[in-house]
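Data block below; observations after.
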Amino acid sequence: MTPDEAVARSSIRQTLTNYTAAGDVQDSALFSAQFTEDGILENAGYRASPGFKLQGRDSIRGMVESFKT
């Protein structure tokens, strides 16, 4: 593994950690920060749940906010 690959892998691990932790506690700011400004969060859905496609940090942040009770 090259040094650049090691840095990339470490960055990817940190992004996944942040994404998961932020989702667990519904931290919309941290969750949406894991995406680029024009990032896309898409889910194809499954049996009882329709899919969705959100584009942009604001849309993604809004989705997480909608889960808060």
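Some points to look at:
- Viscosity 0.890 mPa s, temperature 25 °C, Stokes-Einstein D of the chain from Kirkwood C-alpha radius, µm²/s: 185
- Placing a pseudo-label 7 Å from each Cα along the Cα-to-Cβ vector at residue 26 and residue 13 gives an inter-label distance of 3.1 nm.
- Taking the C-alpha atoms only, the angle from helix 57-67 to the longest principal axis of the chain is near 60 degrees.
- Ranking 6, 25, 39 by how far each Cα lies toward the positive end of the dipole of region 2-69 (charges on Cβ) leaves 25 at the top.
- Per residue, the chain exposes an accessible area of 75 Å² to a 1.4 Å probe, with every protein chain left in place.
- Across the accessible surface of the chain, with the other protein chains kept in place and a 1.4 Å probe, carbon and sulfur atoms take up 53 percent.
- In order along region 15-29, the phi-based Karplus estimate (6.51 cos²θ - 1.76 cosθ + 1.60, θ = phi - 60°) of 3J(HN,Hα) comes to 4, 5, 5, 4, 4, 5, 4, 5, x, 4, 9, 6, 8, 5, 5 Hz; Gly and Pro are listed as x.
- Computed on the chain, with alpha-carbon pairs under 8 angstrom and 6+ residues apart, the relative contact order is 28 percent.
The values are calculated or read from the model by the stated rules, or taken from the named source; none is laboratory data. Since we're looking at a predicted model, the values are computed, not measured. So basically every Cβ, Gly included, is an ideal-geometry build from the backbone, and we count neighbours across all protein chains shown. Note: accessible area is taken over every heavy atom of the protein model, side chains too, but ligands, DNA and RNA are not part of it. Shrake-Rupley method; radii C 1.70, N 1.55, O 1.52, S 1.80 Å.
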